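The values are calculated or read from the model by the stated rules, or taken from the named source; none is laboratory data. As the structure is a prediction and not an experimental result, all values here were calculated from the model. Here the Cβ positions follow ideal geometry from the backbone for every residue, glycine too, while neighbour counts run over all protein chains shown.
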Amino acid sequence: MTTPAKDHVYVGMDSGTRQYEISPQLVQHYADAIHDHNPWYVGSSPFGGPVAPALIRHSEMYVDRRWYLPYIYGNLHARQEWELFSPIKVGERVSTHSVVTDRYEKRGRLYVVCEVLILSADGRLCARSRTHQSFLREEATTGVVVDKSREKAAGRRFEVGQGKTLETLAPIEKEVDLDMCMAFSGPGKNYHTDREEAIKLGFPEVVVQGMMSICFISELLTRRFGEGWYCGGKMNVNLVNVLWGGEKVSSHGVIKEIASEGSRQRAQLEVWCQKADGTVITVGSASAVVNS
């Protein structure tokens with residue numbers, strides 16, 4: 001008889017502080033992993049030299065997983081929030097601090113929220129992220145948790161880009177092959193890089209890491225808003241369907257409103273990623289400062 005795993009995860013739980021140098025090699029690895037080769041990453045930018053991608057520490061919350069619940073079978077990245085305050089220049093050192101900020105239950109699953117603060121060496125706040133991870137209520141070790149047919153159900157279809165639109169952003173298309181999965185979520189074998197590992201956790205194929213589609217949306221917003229995304233950008237999206245390894249995906253955004261924010265203006269957007277057949281995998285809202 002196995003001893004039940006204990007749940008020691010609580011709001012306020014510290015998941016560690018770490019330090020990093022945002023080196024040219026780290027930035028190049030990010031650019032190669034998701035095929036985002038913005039010239040700002042290696043040359044001049046509005047910030048006085050090369051600048052790191054806005055989500056350069058996209059998966060920092062997963063470095064230390066003390067905040068995970070004990071049963072990881074069938075766990076899924078469910079929702080992601082980002083707030084951007086200040087760019088990180090290539091060559092800078094940053095520190096990160098992770099803490100559990102919420103726990104809740106929804107539709108029969110348990111959720112834990114891990115917040116990460118990213119600060120520069122001189123103490124300025126660069127970014128804040130909140131990751132909502134969902135877990136099964138009861139322990140399971142066999143069976144498919146999410147299969148490929150689920151996304152065809154009526155409740156998994158989402159209407160996007162409807163209603164009044166001020167501007168439609170030029171979409172970005174990608175094909176997420178297994179090499180991209182390994183570069184983004186490797187180098188080890190896990191359910192984001194290896195089919196056998198995915199099956200062990202209740203999935204029929206490699207599950208593309210949810211943060212990858214969020215990085216695609218960040219690339220989309222960087223192209224359109226530049227400084228206005230790096231300095232004041234916000235994103236709040238739900239991961240509603242699984243992107244499987246080898247599938248094609250495109251990121252989209254539409255500006256719904258532009259409102260005053262003191263002496264500046266802020267664009268409010270609907271953003272999403274969808275597969276080639278129109279299946280929406282990530283959907284939500286974002287905003288960025290509009291440069292005059």
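Screening Ala140 against (1) surrounded by 13 or more Cβ atoms within 10 Å (Cβ to Cβ); (2) at pLDDT 95 or above leaves a single unmet condition, (2). Apart from one condition, Asp194 fits all of (1) in contact (Cβ under 8 Å) with a residue 60 or more places away in the chain; (2) surrounded by fewer than 20 Cβ atoms within 10 Å (Cβ to Cβ); (3) over 20 Å from Leu55 (Cβ atoms); the exception is (1). Does Leu26 qualify as being touching a residue at least 24 places away in the same chain (Cβ under 8 Å) and not in a loop (DSSP other than H, G, I, E, B)? For Leu26, the condition - touching a residue at least 24 places away in the same chain (Cβ under 8 Å) and not in a loop (DSSP other than H, G, I, E, B) - is met. Taking the range 58-126 and the strands (runs of 3 or more DSSP E) fully enclosed by it, the elements with 2 or more residues that are in contact (Cβ under 8 Å) with a residue 12 or more places away in the chain and basic (Lys, Arg) are at 93-106.
Scan the range 213-227 and give yes if some residue there is surrounded by 20 or more Cβ atoms within 10 Å (Cβ to Cβ) and out of contact with any strand residue (DSSP E or B) (no Cβ under 8 Å at 6 or more places or on another chain), otherwise no. Yes, some residue in the range 213-227 is surrounded by 20 or more Cβ atoms within 10 Å (Cβ to Cβ) and out of contact with any strand residue (DSSP E or B) (no Cβ under 8 Å at 6 or more places or on another chain). Restricting Arg79, Arg130, Arg107, Arg137 to residues that are more than 18 Å from the chain's Cα centre (by Cα) and closer than 21 Å to Asn236 by Cα narrows the list to Arg107. There is at least one residue in the range 172-187 that is in contact with a strand residue (DSSP E or B) (Cβ under 9 Å, 6 or more places away or on another chain), of a type in the set (Asp, Glu) and either touching a residue at least 40 places away in the same chain (Cβ under 8 Å) or not in a helix (DSSP H, G or I) (or both).
For the range 2-23, the set of residues classified as of a type in the set (Lys, Arg) and assigned to a loop (DSSP other than H, G, I, E, B) consists of Lys6 only. Candidates Val160, Val237, Val144: the one that is over 21 Å from the mean Cα position of the chain (by Cα) and either part of a loop (DSSP other than H, G, I, E, B) or touching a residue at least 60 places away in the same chain (Cβ under 8 Å) (or both) is Val144.
Does the range 37-45 contain at least one residue that is small (Gly, Ala, Ser), surrounded by fewer than 19 Cβ atoms within 10 Å (Cβ to Cβ) and over 14 Å from the mean Cα position of the chain (by Cα)? So far as the range 37-45 goes, yes, one or more of its residues are small (Gly, Ala, Ser), surrounded by fewer than 19 Cβ atoms within 10 Å (Cβ to Cβ) and over 14 Å from the mean Cα position of the chain (by Cα).
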